[in-house]
1. Using Cβ contacts closer than 10 Å as the measure, can you line up 22, 153 from fewest to most?
2. Express the relative contact order of the chain as a whole percentage, based on alpha carbon pairs under 8 Å and six or more residues apart in sequence.
3. Can you sort 225, 88 from fewest to most other Cβ atoms within 10 Å of each residue's own Cβ?
4. Ranked highest first by the average count of other Cβ atoms within 10 Å around their residues, in what order do 309-315, 216-222 fall?
5. Given a 10 angstrom Cα cut-off, can you work out which residue in 162, 272, 192 is the most mobile in a GNM of the chain?
6. Mind checking the full-extension length gain between residue 169 and residue 35? Use 0.36 nm per residue of separation minus the Cα-Cα distance, one decimal, nm.
7. Using Cβ contacts closer than 10 Å as the measure, can you line up 263, 340, 239, 28 from fewest to most?
8. What ranking, highest mean first, results for peptides 56-62, 77-83, 243-249 when packing means the other Cβ atoms within 10 Å averaged over each residue?
């Protein structure tokens, strides 16, 4: 097995990092990779209808990205940028809301100081923990309302531009429902409502799960032996209906196709822990890398991932490192668009 961090590196021309989405979601390009033969097919995402079969089960993550980035000022006037790391919808309905965040400022605000975002929203600095700032927000009206009003879309760090009003729609799946993510489950960005309808009409069963994508998805692996890396936990919810449908499909031998690494991690986490898809809520912190034996996912729709990231390790576990790097080189040669707003792969 290859456990060295350097084994998951590759060179990507910067101009291939997508800075904006394509105008029509389903017109993204799609690289189809067949694991058994190594065959690669180049097409567009709308053709996913022809690669999914009647009776396949498509598992989607219906998390909704919150406008988690806030810009404020210290009492001294110094600018402060905050990125919320946790968002509990139930607690966010209150006027006082505590959470931790990442902070960017010329001088970090000290415990006891306040950060002012607007007349109706301020935050008290409670302290710091492992580089993260602890904040207590005070808002006029529910904190969630102020966040929707004042917050900005938390675009990933490799998108080198400020967010626009359009990002509030485009950096969100068409089936996003449950607020709580600070990053989009990007494989799902390629689906349109029309495409989902066409899949259902074909006989593809669509099952919803929720995994709130955290900022940990962008945190680089810093250990040379990847087995020493610790994943950041992410909150999940699985309904009784979803669990029952997935367990039935699994027993009937249907092909289960996960949309994105988030859906994959949640499904495999539950199967690893319980031997079945168990309904409920919890924290998912499974780390999937080569050597892992997949228990339920047989097909994976995903984007192209950063070098040395936990995500490229996951897809390498699914299809083999050699095959993934070969497909990535092919994608680079053909000028595919990479990362969150980029093109897609279907691996089966």
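We did not get these values from a lab; they are worked out from the coordinates using the rules stated. Bear in mind that the values here come from a model prediction, so they are computed numbers and not experimental data. Counting neighbours? That spans all protein chains shown, and the Cβs are built from the backbone with ideal geometry, glycine included.
1. Ascending Cβ contact count within 10 Å gives the list 22, 153.
2. After rounding, I find 25 percent.
3. Lowest to highest Cβ neighbour count: 225, 88.
4. In decreasing order of mean packing, 309-315, 216-222 become 309-315, 216-222.
5. Its mean-square fluctuation being the largest, the pick is 162.
6. The span from residue 169 to residue 35 would gain 44.9 nm if fully extended.
7. If I rank by nearby Cβ atoms, fewest first, I get 239, 28, 340, 263.
8. Top of the packing list down: 56-62, 243-249, 77-83.
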